[in-house]
Amino acid sequence: MPLFIKESLLYKIFDKIIIKPYNNSKFKIFMTNLSTSFKASFLYKIFERYIRKNPYFLSSFSYKLFRKLIRVIDKIMDFINLICKKCLKGSEICEETKNFKAMKLDKKFSLASILFSAFSLAYIIGSIINKSSNLYIFATLIFISFMLYVLGINENCYKKSIIYKLVKM
């Protein structure tokens, strides 16, 4: 330990209150004897052999088959990704995502409204399938979607707001 730490007031207090009493305590002697006896026990030897053994599954047939199956699926997904990149490269969707930063704020609100609407629709379908719907989440998503739509249509609505003025400062 560096000398500047050992000479500090905080370390000296910590040493005097915690370290020295623990080193001289009967609790430390008891814990040392307990750990020594546990390390000599039959149970500890079984645990140690179990933890240090080589795993059996690395050479198993099912593990090798699983790895080959994942490798094939990975190549298929890589091929699909390559095809999708080539198909979308000149598309309008790709151009819109590239030009998202250049969009006006009202168009960004409209796009966010569409995304929130799609997410709320996905939530409704998922809750119908799982037969467990939370009305508050659905209402919140619809409200956010509606508010973003209103902000996208009416520029003055958000430009006159206090939050917009605080952010612009």
Mind scanning Lys68/Lys98; Lys86/Lys108; Lys98/Lys159; Lys98/Lys168; Lys89/Lys160; Lys108/Lys160 and naming the pairs with a C-alpha gap bigger than 29 Å? Lys68/Lys98; Lys89/Lys160
The stretch 1-155 - accessible surface per residue (Å², probe 1.4 Å): 90
Quick one: 3J(HN,Hα) in Hz for the stretch 9-17, Karplus 6.51/-1.76/1.60 with θ = phi - 60°, rounded, Gly and Pro as x. 5, 4, 5, 5, 5, 4, 5, 6, 8
All alpha-carbon distances of the chain, grouped into 10 Å bins from 0, give the whole-percent distribution 7, 12, 13, 14, 11, 19, 19, 3
Between Lys68 and Phe27, 0.36 nm times their residue separation minus their Cα-Cα distance comes to what? 9.3 nm
Give me the dipole magnitude in Debye, nearest 20, for the chain about the Cα centre, with unit charges on the beta carbon: positive for Lys and Arg, negative for Asp and Glu. 800
Calculate the spin-label point distance for Ser127 paired with Arg49, positioning each point 7 Å from the Cα along the beta-carbon direction, and give it in nanometres. 5.7
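Top to bottom by accessible area (1.4 Å), largest first, where do Met77, Met147 land?
Largest accessible area first, the list is Met77, Met147.
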Here the stretch 111-127 yields Karplus 3J(HN,Hα) values (6.51, -1.76, 1.60; θ = phi - 60°; whole Hz; Gly and Pro given as x) of 5, 5, 5, 5, 5, 5, 5, 5, 5, 5, 5, 5, 5, 4, 4, x, 6
Between 0 and 90 degrees, rounded to the nearest ten: what's the tilt of helix 61-88 against the longest Cα principal axis of the chain? 30
Alpha-carbon centroid distance for the pair the stretch 38-85 / the stretch 125-169, whole angstrom: 45
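The values are calculated or read from the model by the stated rules, or taken from the named source; none is laboratory data. Everything quoted here is computed from the prediction, not taken from an experiment. Reconstructed Cβ throughout: ideal geometry from the backbone, glycine too, with neighbour counts over all protein chains shown. Remember, those area values only see protein heavy atoms, side chains included, never the ligands or the DNA or RNA. Shrake-Rupley method; radii C 1.70, N 1.55, O 1.52, S 1.80 Å.
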